[in-house]
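The values are calculated or read from the model by the stated rules, or taken from the named source; none is laboratory data. Computed from a predicted model, the values in this text were never measured in an experiment. Every residue, glycine as well, gets a Cβ built from its backbone with ideal geometry; the counts of neighbours run over all protein chains shown.
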Amino acid sequence: MAKFLIFAILIQIFNGKYSYLLNLPIPTINETLQSTLNKTASVAETLPVPTINETLQSTLNKTASVAEALPFFNETSLANFTYTINSFSDGLQNTSSLSYQVDCLGLGETVAKTLKFFFQDKANGSNALDVQFFLSSRNQSRRVQVVLGEQFGLEWTDFKMERRTVVIVHGFLSHGQETWIRNMEQAFLDWDDVNVVVVDWSDGSNTWNYFKAAVNTEIVGYQISKLIEHLTNATIDKEPDTSKWGPLHLIGHSLGAHICGFAAKNLKKMHNSWTVQRITGLDPAQPCFRNIDSSFHLDKDDAPFVDVIHTNGKFLMHLGLGLPNAIGNADFYPNGGKVQPGCVDTESSIFSFLEILHIPKTVINEAICSHGRSYVYFTESLVSAVAKNCSFWAHHSNVTYKDFLRVISEPCDRNICTEMGIRAETYDDRGTFFVTTSNSAPFCDHNSNIVAEIKEQLNQDYQYEIKDLSDNHS
């Protein structure tokens, strides 16, 4: 059963095979889901949730009725098509209530809770998920590990509460020693005298079971909130005046972005004296986190300022690893937020697995590279802020294909635009924004040649999505 679920989840996430169902006649959809129901029933009888069979049957019935009601779309009816945010998946999901769990299989809250029971690690005790925390600063650039509990070890660090504290969280199939984390850590130390906390949750993220990693984001968020509580308790007697404490800034890539959201939510529940002032979501993960309640993913209400950089927000069927929805106070869509220019030669350990699923290597290259550009752009914004040589200017945009083409060639300066990256917090502008970048470093410095290339890419992405929507509704 576990192998079946893992395989089904990964197929849905990485190959978008759910789109196959959309092209089948309704009787075939029923047969396919009924087969899954039958295979699951024998195992489901042993599960702690007695209503799992009824839930699956209800899902089957709802899917059939929704399929019968699907309208036919053509290019004319999609004239005002929203380039990044709207999709056929949204239309299908919105016919029923939102899920209040991380629901990778789309089978409803009861099934999601049951799977969470099996896959989620513990928050405390001997079987707890091993989340590690490493602190550094300008005066102590070599990382020092602290451990939650009585032997906290803060006295061995150079942590000072009056500084800004930056917490960096990695994503799926990653770890705290990644080169991009090292680069961002150093860029922050060069930018300002800050405390840097690197969170390593590789014990939960380095697994082929994406669902397991996804459900454990809540546990990692809880552990980060406990770390912040420890830091608060270790400081409040020495400096009870909280107005002198530095701001708390959480930064997460992919699943790490949602972890930051969970951490901030937990701190609010704990009524901790030190709360998160800013969260930067670097292409927050899409698989398992789209069309669920905001309490289960990063959201604009998690902090006074939540900025999000979307770099790979494509349809799942096209291996879109990032969440396309605008979920922050300021959502930036570099080059349209789907594919980043210059992403053709990336190598990754995930290649061998994805190629088994018959996904073209070029598609894998493009997705992983574009997904990672979010942290590359943010790190470069720190470097550029120090050098004062370049800015990621961002135009207000309604995130449509036509509007992107309108703003891409318009001039920008601080009087009419905002900035993507570290300096976004210095502007009062809120909403959704379009950013043009180069295809190589320095990415904030672009020319007319790259503008023409981005226009062509925007046009291709638009035509692909028009075709996908038309095919799925015909």
Subset of the stretch 112-160 (residues that are outside the structural domain of LEU248 (by TED's automatic domain parsing), hydroxyl-bearing (Ser, Thr, Tyr) and touching a residue at least 12 places away in the same chain (Cβ under 8 Å)): THR114
Selected residue (only one of ASP158, ASP130 is surrounded by fewer than 14 Cβ atoms within 10 Å (Cβ to Cβ) and either among the charged types (D, E, K, R) or on the phi > 0 side of the Ramachandran plot (or both)): ASP130
Residue match in the stretch 82-104 (condition: outside the structural domain of HIS230 (by TED's automatic domain parsing), surrounded by 16 or more Cβ atoms within 10 Å (Cβ to Cβ) and either aromatic (Phe, Trp, Tyr) or modelled with pLDDT of 85 or more (or both)): yes
Residue match in the stretch 415-423 (condition: modelled with pLDDT under 85, outside any helix (DSSP H, G or I) and touching a helix residue (DSSP H, G or I) at 6+ places or on another chain (Cβ under 9 Å)): no
Residue under evaluation GLU229, criteria (1) surrounded by fewer than 21 Cβ atoms within 10 Å (Cβ to Cβ); (2) in contact with a Lys or Arg (Cβ under 8 Å, 6 or more places away or on another chain), criterion not met: (2)
Qualifying position, being surrounded by 17 or more Cβ atoms within 10 Å (Cβ to Cβ) and among the polar types (S, T, N, Q), among ASN195, ASN206: ASN195
The stretch 401-421, subset over 18 Å from ASN329 (Cα atoms) and in contact (Cβ under 8 Å) with a residue 24 or more places away in the chain, residue surrounded by the fewest Cβ atoms within 10 Å (Cβ to Cβ): SER409
Residues that are surrounded by fewer than 18 Cβ atoms within 10 Å (Cβ to Cβ) and not in a loop (DSSP other than H, G, I, E, B), drawn from the stretch 237-284: THR242, SER243, LYS244, LYS268, LYS269, MET270
Single condition ILE454 does not satisfy, out of (1) part of a helix (DSSP H, G or I); (2) at pLDDT below 95; (3) farther than 19 Å from GLY372 by Cα: (3)
The one condition in (1) surrounded by fewer than 22 Cβ atoms within 10 Å (Cβ to Cβ); (2) modelled with pLDDT of 95 or more that PHE188 fails to fulfil: (1)
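Each row is one residue, and each column tells you yes or no for (1) out of contact with any Pro (no Cβ under 9 Å at 6 or more places or on another chain); (2) in a strand (DSSP E or B); (3) closer than 18 Å to ASP193 by Cβ.
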residue: ASN124; (1), (2), (3): yes, no, no
residue: LEU135; (1), (2), (3): yes, yes, yes
residue: ASN139; (1), (2), (3): yes, no, yes
residue: ARG142; (1), (2), (3): yes, no, yes
residue: LEU148; (1), (2), (3): yes, no, no
residue: GLN151; (1), (2), (3): yes, no, no
residue: GLU155; (1), (2), (3): yes, no, no
residue: PHE159; (1), (2), (3): yes, no, yes
Qualifying residue in the stretch 428-449 (condition: in a helix (DSSP H, G or I), on the phi < 0 side of the Ramachandran plot, surrounded by fewer than 22 Cβ atoms within 10 Å (Cβ to Cβ) and modelled with pLDDT of 85 or more): no
Filter pass, ASP293 being under 23 Å from PHE211 (Cα atoms), among the charged types (D, E, K, R) and out of contact with any helix residue (DSSP H, G or I) (no Cβ under 8 Å at 6 or more places or on another chain): yes
Filter result (closer than 20 Å to TYR210 by Cα and surrounded by 22 or more Cβ atoms within 10 Å (Cβ to Cβ)) within the stretch 312-328: ASN312, GLY313, LYS314, LEU319, GLY320, LEU321, GLY322, LEU323, PRO324
Exclusive hit being in contact with a Phe, Trp or Tyr (Cβ under 8 Å, 6 or more places away or on another chain), of a type in the set (Gly, Ala, Ser) and crowded, with 16+ Cβ neighbours inside 10 Å, set ALA394, ALA367: ALA394
Matching residues in the stretch 161-175 - criterion: being part of a loop (DSSP other than H, G, I, E, B) and over 17 Å from the mean Cα position of the chain (by Cα): MET161, GLU162, ARG163, ARG164
Hey, ILE292 surrounded by 21 or more Cβ atoms within 10 Å (Cβ to Cβ), hydrophobic (A, V, I, L, M, F, W, C) and in contact with a strand residue (DSSP E or B) (Cβ under 9 Å, 6 or more places away or on another chain) or not: no
Leading residue by the ranking (farthest from LYS338 (Cα to Cα)) among those in the stretch 285-324 that are free of Cβ contacts under 8 Å to residues at least 60 places away in the same chain and part of a strand (DSSP E or B): VAL306
